[in-house]
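The values are calculated or read from the model by the stated rules, or taken from the named source; none is laboratory data. The model shown is predicted, which means the values in this text are computed figures rather than measured ones. When we count neighbours, we look across all protein chains shown, and the Cβ atoms used for this are built from the backbone with ideal geometry, even at glycine.
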Amino acid sequence: MKPDKILYVDDEAMALKYFERLVSPLAPVLTASSVEEGRAQLQAHGAEIAVLVCDQRMPGERGNELLRHAREHHPGIVRMLTTAYSELGDAIEAINTGEIYRYIHKPWELDSLRADLKNALELATLRFERDELMRDKLLAQQSQLRANRLAMLYALGSALRPGAATPALHRFAHTALAVGTTEPAVDWHRWEHADLLQAEAERAATVAAHLRSWLEHFNTAEAGHGPLQALASACAGRLQGDAVWLPGAAGLHALLTAAAGEASGREACAWLAWLLWQGGQAQVLEDADGWRVTSITETPALPADWLADAMERLSRTD
């Protein structure tokens, strides 16, 4: 929904009524008589508000405090300060600190006020349309993150364990799809596309180091008396008979679903490293107590497009 309302904050009741009467033909008007009430209006109607106009000199907190709050929590809202000439220094400070689009001096001149607000509404519309286009673009990129990460893991696995990478990554992807995954969280206010690519490349380098470390560990006598015991130790599972019970699914898909910029810890790499070590010879079944992993002796033949199919399924939005 495109924001279309103007919020006006002023402690003078007559000023609130006068502003609403003058401006309501231009856009719906919300009012508040203090900075505290203004924050409450932003919290309740922030998605509907296109323009915030705030008087500077009010009892208690001043208007620029509300404008600063709006900048931090509702950056799409066009912010304006209204002051008397005697308070021009406050307006200049607010402009210099990036808190407002412009100031409107009191007393208002009707045509100038409406022209300023019309320009502010048009700017808010442009910002909204820009943000919507960016949101669609970034959501498309976000939906590709899991698939891109799977491709990255396949490349790493092929470098570390060439003969085992295909069955191991097939089992890894099959398990992730079976237990269910979520899209990685991405703070698009923080990440530009190039920065995200760099963060993912750095993440891949960290994952490679952890996988190599785990493989060296599994190849030593200290790894345990058998593959399942090694898995139980590495993944905080419970070995019982010919199966390992894992209490949760997070470790089975963390390499695909971790938030952008989140470091990949050594524990998150244990499951994939174990699959690479075992050549993917395992199956994972849901159990009442979590997930049960057992060893298998034969690896089924895989279709040539198994990786493309898994990547396509991981690219689908939840």
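Values as computed for the structure displayed
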{"read-out": "Test: residue in segment 140-157 that is under 21 Å from GLU286 (Cβ atoms) and of a type in the set (D, E, K, R)", "value": "yes"}
{"read-out": "Answer from LEU150, LEU113 - the residue that is hydrophobic (A, V, I, L, M, F, W, C), at pLDDT 80 or above and more than 28 Å from the chain's Cα centre (by Cα)", "value": "LEU113"}
{"read-out": "Test for VAL186: is it buried (at least 17 other Cβ atoms within 10 Å of the Cβ) and either among the acidic types (Asp, Glu) or in a loop (DSSP other than H, G, I, E, B) (or both)", "value": "yes"}
{"read-out": "TRP306 of a type in the set (Phe, Trp, Tyr), in contact with a Gly (Cβ under 6 Å, 6 or more places away or on another chain) and in contact (Cβ under 8 Å) with a residue 24 or more places away in the chain", "value": "no"}
{"read-out": "Residues located in segment 272-287, provided they are surrounded by 16 or more Cβ atoms within 10 Å (Cβ to Cβ), at pLDDT below 95, of a type in the set (A, V, I, L, M) and more than 30 Å from the chain's Cα centre (by Cα)", "value": "ALA282"}
{"read-out": "Residue within segment 78-95 that is of a type outside the set (Asp, Glu), modelled with pLDDT under 70 and under 32 Å from the mean Cα position of the chain (by Cα) present", "value": "yes"}
{"read-out": "Flag if GLN229 is under 18 Å from ARG149 (Cβ atoms), at pLDDT 85 or above and among the polar types (S, T, N, Q)", "value": "no"}
{"read-out": "Unmet requirement for VAL293, which otherwise passes all of (1) surrounded by 15 or more Cβ atoms within 10 Å (Cβ to Cβ); (2) part of a strand (DSSP E or B); (3) at pLDDT below 90", "value": "(3)"}
{"read-out": "Some residue of segment 199-209 being without any contact (Cβ under 8 Å) to a residue 40 or more places away in the chain, under 28 Å from PRO300 (Cβ atoms) and surrounded by 18 or more Cβ atoms within 10 Å (Cβ to Cβ)", "value": "no"}
{"read-out": "Residue list for segment 189-222, filter: assigned to a helix (DSSP H, G or I) and of a type in the set (Asp, Glu)", "value": "ASP195, GLU200, GLU202, GLU216, GLU222"}
{"read-out": "Selection count where residues are modelled with pLDDT of 90 or more and among the aliphatic types (A, V, I, L, M), scope segment 262-271", "value": "2"}
{"read-out": "Checking ASP136 against (1) part of a helix (DSSP H, G or I); (2) of a type in the set (Asp, Glu); (3) in the same structural domain as TRP274 (by TED's automatic domain parsing), the condition it does not meet", "value": "(3)"}
{"read-out": "Residues of segment 226-261 satisfying the condition of being in contact (Cβ under 8 Å) with a residue 60 or more places away in the chain and either in a helix (DSSP H, G or I) or surrounded by 14 or more Cβ atoms within 10 Å (Cβ to Cβ) (or both)", "value": "PRO227, LEU228, LEU231, ALA249, LEU252, HIS253, LEU255, LEU256, THR257, ALA258, ALA260, GLY261"}
{"read-out": "Counted residues, segment 156-183 - those being assigned to a helix (DSSP H, G or I), surrounded by fewer than 19 Cβ atoms within 10 Å (Cβ to Cβ), among the small types (Gly, Ala, Ser) and under 26 Å from the mean Cα position of the chain (by Cα)", "value": "1"}
{"read-out": "Residues of segment 128-172 classified as among the aliphatic types (A, V, I, L, M) and within 14 Å of CYS269 (Cα to Cα), total", "value": "7"}
